[in-house]
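The values are calculated or read from the model by the stated rules, or taken from the named source; none is laboratory data. Please read these numbers as outputs of a predicted model, since none were measured by experiment. All Cβ positions, glycine included, derive from the backbone under ideal geometry; neighbour counts span all protein chains shown.
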Amino acid sequence: MIQPFGKSINERGNDVYKGVGINATGHSVTIVVEFIRSDADAKSVYNAQVASKEKEGYVFSAERTASRKAECKDCGGEWVGTNGNEVFLCDWEDLWQFDTYAVVTQSWVNT
């Protein structure tokens, strides 16, 4: 980790953890995890994240999304988009072990 996870509470009253690490390809990745109380709310936050990135010009990447789906067996939804060299990944997960849900985003720039 370059920057350890720090905790905050967002405008929805949810716990959010943000940190920066290095991925397998050596890129600096910002990771944000928002813990959410219900399945419906997790899907709503996920959909809002995706819509926001699409408005910013990110384009859905079927290949990257399929790769993420293969990695994340517990994910309920995955979306990976690119905007030039920028990559944004968003998924939501049922963390049944902890009786909660999470929306996870990762963003990085391919160099």
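What the table shows:
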| item | result |
| --- | --- |
| Some residue of the range 56-64 being surrounded by 15 or more Cβ atoms within 10 Å (Cβ to Cβ) and in a loop (DSSP other than H, G, I, E, B) | yes |
| Residue that is modelled with the lowest pLDDT, among those in the range 77-111 that are closer than 14 Å to residue 28 by Cα and not in a strand (DSSP E or B) | 111 |
| Scan of the range 28-52 for residues that are in a helix (DSSP H, G or I), more than 12 Å from residue 103 (Cα to Cα) and touching a Phe, Trp or Tyr at 6+ places or on another chain (Cβ under 6 Å), ordered by number | none |
| Residue match in the range 5-27 (condition: in a helix (DSSP H, G or I) and either surrounded by 11 or more Cβ atoms within 10 Å (Cβ to Cβ) or of a type in the set (D, E, K, R) (or both)) | no |
| Verdict on residue 60 being under 23 Å from residue 101 (Cα atoms) and either without any contact (Cβ under 8 Å) to a residue 60 or more places away in the chain or aromatic (Phe, Trp, Tyr) (or both) | no |
| Residue pairs meeting the criteria (Cβ under 6 Å; at least 6 apart or on separate chains; first farther than 18 Å from residue 37 by Cβ and in contact (Cβ under 8 Å) with a residue 12 or more places away in the chain, in the range 85-106; second among the hydroxyl-bearing types (Ser, Thr, Tyr) and assigned to a strand (DSSP E or B)) | 88/107; 90/105 |
